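The values are calculated or read from the model by the stated rules, or taken from the named source; none is laboratory data. These figures come from a predicted structure and were not determined experimentally. Reconstructed Cβ throughout: ideal geometry from the backbone, glycine too, with neighbour counts over all protein chains shown.
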Amino acid sequence: MAGRGGVGGGSPPPPGQGVGAERRRRQQQQQEEQERPGQGQHARAGAGPAAPPRRRQQQRQRAAAMEPGPRRRPAARPRCPRRWWRRRRPRWALAAAALLGAALALYACLREPPPPAAAGAGAGAGAAAEVSVLLWWEPFGRPRRTADCRRRYNITGCRLSADRRRLGEARAVLFHHRDLALRGAQALPRAPPPRPPAQIWVWMNFESPSHSPGLRGLAGLFNWTMSYRADSDVFVPYGYLYAPPAPRPFSLPRKTRLVAWVISNWNEEHARVRYYRQLKEHLAIDVYGARGLALAEGSVVATVSAYKFYLAFENSQHTDYITEKLWRNAFAASAVPVVLGPRRANYERFIPPDSFIHVDDFPSPRRLATYLKFLDKNKPSYRRYFAWRKKYEVHVTSFWDEHYCKVCEAVRMAGNQIKTVRNLASWFES
């Protein structure tokens, strides 16, 4: 007996194994083969291209993900075939080239120097330009070789000359007062040619007011002053202390004598001569120069270095007038200076208070002599006057090269700043 849904006898087919189920299974298989090209009928028959390696790898990963069981770790990504790189290299190369070009353009922009400043734009507008400085008179009529400011003082952009034909092009003109006093104001440059409006006339003097005649008739002639005074437009002292980059060991020379004094201009009316005459009554003093022992030229430092003390007595007493008698004759020779000049407070503006002995510290020359004898016998107390040597070195100003280069540097840094010294005498004599 035939059963339902069968052709002949027997039990009915299990679910999913009938004719309809078989048809649906084939349709589903065809659909899957169409969705996976390269693995269907064409792949089995050998017709049609094979799937690229990367796509086959993706298909295997999807198939493994659909299978039941523990999740498999995905295989390492294969290296890209050479033709894939060739196909995409132009896009990467173009992008990299564009990025590199932008970076180079930005770097060039940042490295581009600023445009030069216009003339008169500020106080330092002319600092980069070369400055011509004319020396109207050689000091004391002694011609000297032109200074090399760059080599000696690291000052660039300076052209120094004593050729008066360069007056019209000079940015600054130097006038030494001692020579001006000898020749008079009529020896100053006169028109023609007219004085350039931006030209700076610099009054230069390193003598004290007591030895600077002819100051009264110079009002309104000069723009700047250059002297040993700290309030000058260009301040050039006879010397100064400076801190070196690294401390240098100091060795005190062997001392075999007590007090020395070098003097070339002996004048009984000077305060220094009067004080010396009182001091020598209580203390032995070796005098060199005009009224004393002979001294070979250039041997001051070598001679004084054998003495414990040196009389750094100035020929006159004025503000900031502290000459080479302190800086070279005493400090450079490693002798303790006994000073007679401006007040102690004025000295202490430039040197440590325990580096010198001032005559004003004692009520009389006799008391000063007693103190010097005490230091002669007391070595630790004497050596305290050299404690500053652990920090500072001594610079002695070089005449006249350093002065010329300093004024050149000041002109370069000042730019177009111009002024006039209305009353030279009242300022310098104050």
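The residues listed here are V407, V411; of these, the one that is assigned to a helix (DSSP H, G or I), touching a Lys or Arg at 6+ places or on another chain (Cβ under 6 Å) and either surrounded by 14 or more Cβ atoms within 10 Å (Cβ to Cβ) or not polar (S, T, N, Q) (or both) is V411. Of all residues in segment 374-404, those that are part of a helix (DSSP H, G or I) and free of Cβ contacts under 8 Å to residues at least 12 places away in the same chain total 5. The residues in segment 272-292 that are surrounded by fewer than 15 Cβ atoms within 10 Å (Cβ to Cβ) and at pLDDT below 95 can be counted, and the count is 2. What do you reckon, is S364 among the small types (G, A, S), farther than 19 Å from R344 by Cα and touching a helix residue (DSSP H, G or I) at 6+ places or on another chain (Cβ under 9 Å)? Considered against the rule, which asks whether it is among the small types (G, A, S), farther than 19 Å from R344 by Cα and touching a helix residue (DSSP H, G or I) at 6+ places or on another chain (Cβ under 9 Å), S364 comes out as no.
Scanning segment 318-334 for residues that are in contact with a helix residue (DSSP H, G or I) (Cβ under 6 Å, 6 or more places away or on another chain) and not in a loop (DSSP other than H, G, I, E, B) yields N329, A332. Against the numbered list (1) touching a residue at least 24 places away in the same chain (Cβ under 8 Å); (2) surrounded by fewer than 17 Cβ atoms within 10 Å (Cβ to Cβ); (3) more than 18 Å from Y321 (Cα to Cα), E269 comes up short only at (1).
Kindly indicate whether any position in segment 300-315 is within 36 Å of the chain's Cα centre (by Cα), surrounded by fewer than 16 Cβ atoms within 10 Å (Cβ to Cβ) and farther than 22 Å from L340 by Cβ. For segment 300-315, residues within 36 Å of the chain's Cα centre (by Cα), surrounded by fewer than 16 Cβ atoms within 10 Å (Cβ to Cβ) and farther than 22 Å from L340 by Cβ: present.
Where in segment 186-256 are there strands (runs of 3 or more DSSP E), lying wholly inside it, with at least 1 residues that are without any contact (Cβ under 8 Å) to a residue 40 or more places away in the chain and closer than 16 Å to V173 by Cα?
On the way: elements: 200-204, 224-227, 239-242.
Hits in segment 186-256: 200-204.
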